[in-house]
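Quick notes on the structure that follows.
The values are calculated or read from the model by the stated rules, or taken from the named source; none is laboratory data. Keep in mind that this is a model prediction, so the values were computed, not measured. Cβ coordinates were reconstructed from backbone atoms using ideal geometry, including for glycine residues, and neighbour counts include every protein chain displayed. With ligands, DNA and RNA removed, areas are computed over all heavy atoms of the protein, side chains included. Shrake-Rupley method; radii C 1.70, N 1.55, O 1.52, S 1.80 Å.
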Amino acid sequence: MALAQAIIPAGWPQSYSLRDGDKFDFIVVGAGSAGAIVAARLSEVPHFRVLLLEAGGDPPPASVAPSLFGTLGHTEYDWDYKAYLDKNIGTVHPGRAIYMTRGKMLGGSSSNNYEVYSRGVPEDYDEWGQVAKGWDWDSVLPYFKKFEGMKDPNITENPDHQDLHSTDGPVLVTRPETNSYFNEVNDIILKSYEEMGMKKILELNGPDNLGVSRPHFTFANGRRSSTAEAYLRGKERYNLKIVKYARVTRILIDDLTSRVYGTEVFVSGKKINVFANLEVIVSAGAIDSPKLLMLSGIGPREVLTPIGIKVIVDLPVGKNLQDHHYTPIVFTGQRSLHSVVQNLLVPTELDSYPVPLQSGFFRVDKGCCSQRPQFQIFNVRIGATASPIILFGFRTITNFDEYFSYSVSKANVDREIDITSVINVHPRSRGEVTLKSSNPFDDPVINMGYFRDEEDVETTFRGLKFMLLYSNTTYFRKVGGKIAKLDVRACNHLKWGTDQYWRCYVRHAVGSMLHPVGTCEMGPYGVVDEKLRVYGVSGLRVADASVMMTIPSGNTNAPTMMIGEKAADLIKADYNALYQDKYFI
């Protein structure tokens with residue numbers, strides 16, 4: 001079904017033939033999780049002429065089929081950036097580099113992410129609202145609901161949950177039925193979590209902030225519900241022009257008035273200028289939005305001046321980089337060829353999710369006042385004998401070194417394994433995105449900054465210690481399961497299993513959930529105001545994950561789509577066009 005859906009005529013929009021000097025009311029840079037929404041929603045206003053510029057092309061069949069996300073990294077559909085860790089951090093990664101996969105196609109990273117639908121919790125947004133008016137939970141919930149098309153009747157028919165959700169938004173959200181073997185695995189693991197004191201809940205976006213469940217996903221009917229699928233495919237409009245393979249290299253700013261009037265674009269092998277009568281909206285993501293602003297003279301003086309870029313506005317662009325980092329733990333389960341069955345079932349789940357996946361939120365601090373999660377977990381069960389695939393995945397997808405990757409795969413030779421990712425959802429450390437040079441075709445310099453704040457080591461260690469109790473639950477005792485001893489060279493001089501060892505492990509076995517945010521921070525001391533307008537210039541906004549002040553408690557794709565929806569309404573309101581023609585979405 002998935003393959004059939006993926007290879008049928010795609011219906012992606014045609015690429016407009018852009019010419020030097022073309023004029024539009026709005027130019028949107030980037031057709032990703034936010035940008036595709038901003039452009040589509042602005043074009044609901046019939047008299048707005050909107051141009052959407054995307055550096056990539058159409059999503060391939062491997063993007064459309066829900067279960068093939070792992071094949072898209074290091075291809076033409078990926079910006080294929082490397083991000084770097086500080087000295088003595090993450091040494092399991094050769095060169096202390098992690099692969100910062102970013103979608104380079106219509107839909108951006110919503111077209112190549114792992115499709116988990118997670119919004120965070122109300123306290124995340126109430127924290128935003130204290131800094132930027134209009135971004136508290138009560139203000140943003142309508143925008144989550146605006147894009148959400150929840151298709152799970154367990155949610156939509158439950159009176160305690162239905163008010164938090166919507167059934168008629170364009171982004172389809174499901175929790176598909178799985179085969180009986182996957183169901184058995186899910187039950188075993190969720191019951192083990194309950195033994196540990198974690199509550200089993202109906203969903204991860206409901207009234208309970210803490211608990212474990214199977215997640216919801218952004219796919220349905222055999223197709224990924226990316227923003228390209230939900231907002232652009234089959235929805236051609238006379239007033240929305242989309243240009244693919246269009247690389248924006250500079251924002252055009254009038255020297256005298258500091259007004260933005262267009263963009264410089266490389267398309268079809270040549271450089272042209274296109275003009276905006278009203279605004280340019282940058283939605284290139286938390287890596288490329290700050291890069292584009294800095295190339296255009298908006299950014300920190302100490303970054304721009306040494307590489308010969310004239311400073312137009314000195315703003316903290318590229319700073320405040322946050323990400324969800326994870327610590328992997330591997331648990332060995334039963335030694336039995338029975339578990340190989342799971343691997344044989346993977347091809348039958350091409351229109352769904354390829355492995356049994358469980359997720360949840362928990363706290364280790366049991367204080368009186370907060371139910372805000374400290375940790376998120378994802379657990380993947382893999383049947384025995386998948387070792388070659390594990391070795392390949394850890395080496396090529398996440399850039400773990402051969403020693404660490406081999407030790408994970410070795411644990412799976414004759415036993416099923418659970419790979420559990422423990423995620424510190426509110427890290428205190430900050431990294432930065434800077435420029436290598438003034439050449440727009442050079443990759444940006446991405447420094448993740450993990451564990452610059454020592455408290456993140458301690459917090460993550462405490463979450464990890466709690467999750468190690470998983471090996472002592474009924475099922476794992478019954479099958480003789482253990483915590484696998486993984487080969488982290490920087491920690492081999494320490495006694496395995498001691499607190500000292502695990503603190504070392506936290507520092508060195510770190511990985512990225514690929515959730516970069518915050519590099520064009522919203523707020524009075526940031527880059528944009530509460531209407532997402534860039535300080536110091538007019539006619540320019542940023543609308544994507546880069547405007548987040550602090551990272552939410554879950555995956556960042558849904559919050560980024562929310563920002564796209566809210567941004568469109570903010571813009572419409574500024575031009576007295578806050579209405580919706582029933583002809584459109």
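What's the magnitude of the charge dipole for region 428-474 around its Cα centre, counting Lys and Arg as +1 and Asp and Glu as -1 at the beta-carbon? Answer in Debye, nearest 20.
Numbers: 6 positive and 8 negative charges, 34 e Å.
Charge dipole, region 428-474, about its Cα centre: 160 debye, nearest 20.
Amide H to amide H under 5 Å from TYR326: which residues, 5+ apart in sequence or cross-chain, H placed 1.01 Å off N in plane?
Under 5 Å from the amide H of TYR326 lie the amide H atoms of GLY511, SER512, MET513, each far enough along the sequence or on another chain.
How do the peptides 267-280, 315-328 rank, highest first, by the average count of neighbouring beta carbon atoms within 10 Å per residue? Write down the numbers at each step before the final one.
Details: 267-280: 17.1, 315-328: 24.9.
Top of the packing list down: 315-328, 267-280.
List, in the order given, every pair from LYS133/LYS319; LYS319/LYS572; LYS23/LYS133; LYS87/LYS310 whose Cα-Cα distance in the structure shown is over 24 Å. Provide the component values of the computation, followed by the final result.
Numbers: LYS133/LYS319 22 Å; LYS319/LYS572 29 Å; LYS23/LYS133 33 Å; LYS87/LYS310 32 Å.
Pairs exceeding the cut-off: LYS319/LYS572; LYS23/LYS133; LYS87/LYS310.
Provide HIS493, HIS165 ordered by accessible surface of protein heavy atoms (probe 1.4 Å), highest first. Numbers along the way, then the final one.
Working: HIS493 140, HIS165 15 Å².
In descending accessible area the options line up as HIS493, HIS165.
Could you give the length gained by full extension between ALA10 and LEU468, i.e. 0.36 nm per residue of separation minus their alpha carbon distance, to one decimal place?
On the way: separation 458, 0.36 × 458 = 164.88 nm, distance 4.56 nm.
Separation in residues times 0.36 nm, less the Cα-Cα distance, equals 160.3 nm.
Compute the long axis of helix 122-131 from its Cα atoms, compare it with the longest principal axis of the Cα atoms of the chain, and write down the angle in degrees, 0 to 90, nearest 10.
So the inclination is approximately 40 degrees.
Note down the relative contact order for the chain as a percent, whole number, built from C-alpha pairs under 8 angstrom at least six residues apart.
Working: 1395 pairs, mean separation 129.4, N = 585.
Result for the chain is 22 percent.
Mind giving me the nanometre distance, one decimal, between the label points for TYR501 and ASN273, set 7 Å out from Cα along Cα→Cβ?
For the pair TYR501/ASN273, the computed spacing is 6.4 nm.
What is the distance in Å between the Cα centroid of region 384-435 and that of region 105-168?
29
Can you give the extra length, in nm with one decimal, that the chain gains between GLU402 and ASP168 once fully stretched, where that is 0.36 nm per residue apart less the Cα-Cα distance? Don't skip to the end; give the middle numbers.
On the way: separation 234, 0.36 × 234 = 84.24 nm, distance 4.71 nm.
Result for the pair: 79.5 nm of gain on full extension.
Per-residue counts of other Cβ atoms within 10 Å, averaged by peptide: what ranking do you get for 453-464, 506-517, 57-68, highest first?
On the way: 453-464: 18.0, 506-517: 23.8, 57-68: 21.5.
Ranked from most to least packed, the peptides come out as 506-517, 57-68, 453-464.
Dipole size in debye (nearest 20) for region 206-333 around its Cα centre, Lys and Arg Cβ +1, Asp and Glu Cβ -1? Write out the running numbers ahead of the final one.
Working: 17 positive and 11 negative charges, 120 e Å.
Dipole magnitude for region 206-333 comes out near 580 debye.
If you count the DSSP beta bridges with both ends in region 1-109, what percent of them are antiparallel, to the nearest 5?
Values: 5 of 10 bridges.
Of all bridge pairs located within region 1-109, approximately 50 percent are antiparallel.
What residues qualify as long-range amide H neighbours of SER538, i.e. H under 5 Å apart, gap of 5 or more or another chain, H built at 1.01 Å from N?
It is ARG259, VAL260, by chain and number.
Which of the three applies to region 206-248, rounded, prolate or oblate, going by the alpha-carbon gyration tensor with a ≥ b ≥ c and a/c under 1.5 meaning rounded? Working shown, then result.
Details: a/c = 3.00, a/b = 2.48, b/c = 1.21.
Note, shape of region 206-248 comes out prolate.
Apply the a/c threshold of 1.5 to the C-alpha gyration tensor of region 31-185 and tell me whether it is rounded, prolate or oblate.
On the way: a/c = 1.37, a/b = 1.21, b/c = 1.13.
Judged from the Cα gyration tensor, region 31-185 comes out rounded (a/c under 1.5).
Treat each spin label as a single point 7 Å out from the Cα along the C-beta direction, and report the GLU302 to ASP255 distance in nm.
With each label placed 7 Å out from Cα toward Cβ, I get 2.8 nm.
Just checking my list (1) 72, 51, 49; (2) 83, 61, 40; (3) 106, 76, 47 against Cα extents along the principal axes in Å computed from this structure; which label fits?
Identified label for the calculated read-out: (1).
Residue by residue, what Karplus-based ³J(HN,Hα) values in Hz, rounded to whole numbers, does region 571-578 have, using 6.51, -1.76 and 1.60 with θ = phi - 60° and x for Gly and Pro?
5, 4, 4, 5, 10, 6, 10, 7
Restricting to bridges with both residues inside region 55-185, how much of the DSSP beta-bridge set is antiparallel, in percent to the nearest 5? Present the calculation step by step, with values, prior to reporting the outcome.
Numbers: 5 of 9 bridges.
Among the beta bridges of region 55-185, antiparallel pairing accounts for roughly 55 percent.
Considering the dipole of the chain built from charges on the beta carbon (Lys and Arg +1, Asp and Glu -1) around the Cα centre, which of PRO142, VAL317, PRO440 is farthest to its positive end?
PRO440
Taking only DSSP H segments of four or more residues, each worth -39500 (n - 2.57), what value at 222 nm results for the chain once the sum is divided by all its residues, to the nearest 500 deg cm²/dmol?
Working: 16 runs with 148 residues, N = 585.
Result for the chain: -7000 deg cm²/dmol, rounded to the nearest 500.
With a ≥ b ≥ c taken as the square roots of the eigenvalues of the C-alpha gyration tensor of region 125-216, please select rounded if a/c is under 1.5 and otherwise prolate if a/b is larger than b/c or oblate if it is not? Numbers along the way, then the final one.
Details: a/c = 2.80, a/b = 1.53, b/c = 1.82.
Oblate.
Of the DSSP beta bridges with both residues in the chain, give the percent that are antiparallel, rounding to the nearest 5. Please list the in-between numbers first.
Details: 57 of 83 bridges.
Bridges in the chain that DSSP calls antiparallel: roughly 70 percent.
Show me the ranking of peptides 382-390, 97-105 by mean Cβ neighbours inside 10 Å, starting with the highest.
On the way: 382-390: 19.7, 97-105: 22.9.
Ranking the peptides 382-390, 97-105 by packing returns 97-105, 382-390.
Treating only the Cβ of Lys, Arg, Asp and Glu as charged (+1, +1, -1, -1), what charge dipole size does the chain show about its Cα centre? Round to the nearest 20 debye. List each step's numbers first, then the result.
Details: 63 positive and 66 negative charges, 210 e Å.
Using Cβ point charges on Lys, Arg, Asp and Glu, the chain gives about 1020 debye.
Return the long-range amide H neighbours of LEU315 (sequence gap of 5 or more, or a different chain), with a cut-off of under 5 Å between placed amide H atoms.
GLY299, ARG301
Send over a whole-number figure in Å² for the accessible area per residue of the chain, probe 1.4 Å. Walk me through the numbers on the way to the answer.
On the way: 21970 Å² over 585 residues.
Spelled out: the 1.4 Å probe surface of the chain, per residue, equals 38 Å².
How large is ³J(HN,Hα) for each residue in region 205-222, as worked out from phi by the Karplus curve 6.51 cos²θ - 1.76 cosθ + 1.60 (θ = phi - 60°), to whole Hz, x for Gly and Pro?
Computed from phi, the couplings for region 205-222 are 10, x, x, 8, 7, 10, x, 10, 6, 7, x, 8, 9, 8, 8, 6, 6, x Hz.
Which listed residue (SER225, ASN183, ASN205) has the Cα farthest towards the positive end of the charge dipole for region 157-226, taking +1 on Lys and Arg C-beta and -1 on Asp and Glu C-beta about the Cα centre?
SER225
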